[in-house]
Amino acid sequence: MAGVVDAVVNELANLGWHGLQAVNMRLPETPSRSPEWAPGPLLKTRERTMPPLGWPRETDSLCPRCVVETRQAILRGERDLADLVHGHIGEVKARIAEEDGRLLIRKTCPNHGTFEDLLSIDPEFSRIIESRYPGRDFRTLGDELIHRHGTSSIKYGRGAVLTIDLTNRCNMMCNPCFMDANQVGYVHELTLDEIKEILDASISFKPRRQMSVQFSGGEPTMSPHFLEACRYAKEVGYYSVQAATNGLRFALEPEFAFAAKEAGFDMAYFQFDGVSNDANKHRHISNLFDVKLKAIEAMHAAGIDITPVTTVVNGVNDTQVGPLLDFLLANSDKMGGISFQPVSFTGRDEDITDEDRRRQRYTISHMAHEMQRYYDGKIDAYRDWYPLGAMGGFTALADHLRALNGPDQPTFGGLCCSCHPNCGSSVLLVSNRRTKVWSPITQFFDMERFMKDIAVIVDTGRGKKLTLTQVALSFLRNFDGRKAPSGMTLVEFLKLFNGKMGGSVMGSKEREQEWTSLWVGGMWFQDLWTYDFRRTEMCVIPYATQEGEISFCAYNTGIGWRQIVENMHMVARTKDWFETRGRHKIYAGDRPMDVAGVRKLPVVDDTPHTVLGAHVTSSS
């Protein structure tokens, strides 16, 4: 009977939608509003620009050898930094094309020869992902002092995750590591004043959007300013503060989790590579999985959200993709999603051999097909995966609704993840925390048609009541209760959607009860072999530094701005730091961590003196 009712409601909503649009589409579009945070009127669909997509296509890339040589020459003082900004050093043309059922990138340097790498094992998957991309966000305005890094400069949008490295010190010795932490011979650590200046600068240009401020490192919880940095990010106006953390400090000192939560820390972007100690052995702590479980317990008790993040290396931990998602589903009361990051050969791995690189290369297309295999088709590689930038459609709707509030509208636009479709893709799931029933949202909800409906709603730009009426009709016509998991009703699903829209659909945001939505993402950062400048200029994970904001990939891979910025602003040689501040504890050597006891870890300040504790075990 319920199935019959669902079918009738669905059909009536469909008729209502088409009837309303028969009138709506004949009326002139309402001009877009111009909120204070935006560089101009809110964008219509046709006004959004697109990067070159499809293949074969040509793009701008880098020679993996020239870049390293140039960077090293700059660090030795043999070349000027201006050569890097204005000289296009190491830049080469690259061709992206389908060959033998794979998508490849190939480029030739006149000095170092030809380089080739794999972008996708399934061109059809990649084609579908690109076809679902809705277009770029605003072009940036007033950012000349922030984005000043030549061809590495970000040109579009505001980004989604503002990353700030608080310190390059770390309490682990991992492989892979973007930073090559503990190995570079110097300490780069921000003062509190520098952190505040960077955050202040982040809201100095348009579009001024909400972002999640991510403190990173090294291990950010080792910074003496971690708690105050969290507080200040909230004072600036950002609603979400997260940290890319290994979680060891929370396992060692559970009370620190409560202090962090009180300071404004919302979410741990939590290094998590597998569901056993053996699956984490490449991190060189023999009981690391057990330690991770203690960290999860401590953070959850303090009310901190947790998103496990896993670097996936072919032949190392690629078999953990399915078990890790199982772990998320079993712990959906503690976690809101999981981020898989196919390996990027940079930092500690930049000198990898061609043979090892080809053997260990893992792409998002690998992951999509592995999930389809592991779950016997329940997650479909073609139906369920969308580019991360597809969520920009929902942001456009939220921005439109908030702009209708007149003087009461927010001073920030909505968070907008408008990255290049080759940067990442995701699946959205619903899960019942009590029964553990789950399914992809796209199993019972026509996401592709809903996004097209949103485009119509936003482009026509009607008032709030008519906009919400259209959203309701679209929801009803695209929701198929007959295909939904047991207990997932239209009302429950609307509550979840409203929550993800920040309460802009139903007027307020309710706390999730039994049902939750889970984000299963794949974020593939570039390295010197896969580098594409069209992705760099659309980056949504800018690194905020003393030298402005730099694309994640240009900072960590590509040109390798990290080494240059850190050398420019190092605070001490590691040897000198150890002599004045003491050595911090590094857990490594394939030995277990002792986490049985709970001890107080005091926070150190900027004054050079030795303080035992806070990861300091000796003064020599």
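Could you name every one of the strands (runs of 3 or more DSSP E) located completely within the range 255-353 that has at least 3 residues being farther than 17 Å from Val241 by Cα?
On the way: elements: 267-271, 305-312, 337-342.
By residue number, 305-312, 337-342.
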- Query: In this structure, does Pro28 turn out to be open to solvent by 70 Å² or more (accessible area, probe 1.4 Å), assigned to a loop (DSSP other than H, G, I, E, B) and either of a type outside the set (Ser, Thr, Tyr) or farther than 26 Å from Gly113 by Cβ (or both)?
  - Reply: yes
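Output the residue which, of all residues in the range 288-307 that are open to solvent by 30 Å² or more (accessible area, probe 1.4 Å) and over 24 Å from the mean Cα position of the chain (by Cα), is farthest from Leu518 (Cα to Cα).
Filtering first and then ranking leaves Asp290.
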- Working only within the range 90-120, note down all residues that are in a loop (DSSP other than H, G, I, E, B) and either among the acidic types (Asp, Glu) or open to solvent by less than 30 Å² (accessible area, probe 1.4 Å) (or both). Gly90, Asp100
- Check on Glu130, touching a Pro at 6+ places or on another chain (Cβ under 6 Å) and either hydroxyl-bearing (Ser, Thr, Tyr) or more than 30 Å from Gly582 (Cβ to Cβ) (or both): yes
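Inside the range 206-242, can you point out the residues that are over 19 Å from Ser418 (Cβ atoms), aliphatic (A, V, I, L, M) and surrounded by 20 or more Cβ atoms within 10 Å (Cβ to Cβ)? Break it down into steps so the answer makes sense when it comes.
Within the range 206-242, the first condition is being over 19 Å from Ser418 (Cβ atoms), and the residues that meet it are 215-237, 241-242.
Checking the rest, the ones that are also aliphatic (A, V, I, L, M) come to 222, 227, 229, 233, 236, 241.
Met222, Ala229, Ala233, Val241 - these are the residues of the range 206-242 that are over 19 Å from Ser418 (Cβ atoms), aliphatic (A, V, I, L, M) and surrounded by 20 or more Cβ atoms within 10 Å (Cβ to Cβ).
Kindly indicate which of Ile203, Ile198, Ile128 is open to solvent by 10 Å² or more (accessible area, probe 1.4 Å) and either part of a loop (DSSP other than H, G, I, E, B) or hydroxyl-bearing (Ser, Thr, Tyr) (or both).
Working: Ile198 fails: either part of a loop (DSSP other than H, G, I, E, B) or hydroxyl-bearing (Ser, Thr, Tyr) (or both); Ile128 fails: either part of a loop (DSSP other than H, G, I, E, B) or hydroxyl-bearing (Ser, Thr, Tyr) (or both).
So the residue among Ile203, Ile198, Ile128 that is open to solvent by 10 Å² or more (accessible area, probe 1.4 Å) and either part of a loop (DSSP other than H, G, I, E, B) or hydroxyl-bearing (Ser, Thr, Tyr) (or both) is Ile203.
Which residue, of Leu401, Leu429, is assigned to a strand (DSSP E or B), open to solvent by less than 10 Å² (accessible area, probe 1.4 Å) and either out of contact with any strand residue (DSSP E or B) (no Cβ under 8 Å at 6 or more places or on another chain) or over 17 Å from Ile128 (Cα atoms) (or both)? Walk me through it before giving the result.
Working: Leu401 fails: assigned to a strand (DSSP E or B).
Going through Leu401, Leu429 in turn, the sole match is Leu429.
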- Item | Scope the range 339-361; condition open to solvent by 40 Å² or more (accessible area, probe 1.4 Å) and acidic (Asp, Glu); matching residues | Asp351, Asp354, Glu355, Asp356
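For the range 314-348: of the residues being of a type in the set (Gly, Ala, Ser) and touching a Cys at 6+ places or on another chain (Cβ under 9 Å), which is nearest to Ile364 (Cα to Cα)?
Applying the first criterion (of a type in the set (Gly, Ala, Ser)) to the range 314-348 yields 315, 322, 330, 332, 336-337, 339, 344, 347.
Filter once more, so that each one left must be touching a Cys at 6+ places or on another chain (Cβ under 9 Å): 344, 347.
Values: Ser344: 12, Gly347: 21 Å.
Residue satisfying both the conditions and the ranking: Ser344.
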- Kindly list, by first and then second residue, each pair from a residue in the range 403-430 that is in contact (Cβ under 8 Å) with a residue 60 or more places away in the chain and closer than 24 Å to Tyr238 by Cα to a residue that is assigned to a loop (DSSP other than H, G, I, E, B) and basic (Lys, Arg), limited to pairs with Cβ atoms under 6 Å and residues at least 6 apart or on different chains. Ala403/Arg33; Phe412/Arg208; Ser418/Arg136
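Within the range 211-227, track down each residue that is among the hydrophobic types (A, V, I, L, M, F, W, C) and assigned to a loop (DSSP other than H, G, I, E, B).
Matches in the range 211-227: Met211 only.
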- Item | Among (1) within 25 Å of Phe552 (Cβ to Cβ); (2) out of contact with any helix residue (DSSP H, G or I) (no Cβ under 8 Å at 6 or more places or on another chain), the one test that Arg433 misses | (1)
- Task: Look at the range 265-282 and say how many of its residues are open to solvent by 10 Å² or more (accessible area, probe 1.4 Å) and touching a residue at least 12 places away in the same chain (Cβ under 8 Å).
- Result: 10
- Under 7 Å by Cβ, and 6 or more places apart or on different chains, what pairs join a residue from the range 1-22 that is farther than 12 Å from Phe479 by Cα with one that is open to solvent by less than 70 Å² (accessible area, probe 1.4 Å) and at pLDDT 95 or above? Gly16/Leu473; Trp17/Leu473; Trp17/Ser474; Trp17/Arg477; Leu20/Gln470; Leu20/Leu473; Gln21/Val456
- Query: Looking at Thr70, Thr49, which is the one that is closer than 27 Å to Ile154 by Cβ and not in a loop (DSSP other than H, G, I, E, B)?
  - Reply: Thr70
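The values are calculated or read from the model by the stated rules, or taken from the named source; none is laboratory data. What you see is a predicted model, and the numbers here were worked out from it, not measured in a lab. Counting neighbours? That spans all protein chains shown, and the Cβs are built from the backbone with ideal geometry, glycine included. Quick note on the areas: whole protein, heavy atoms, side chains included, nothing else; ligands and nucleic acids left out. Shrake-Rupley method; radii C 1.70, N 1.55, O 1.52, S 1.80 Å.
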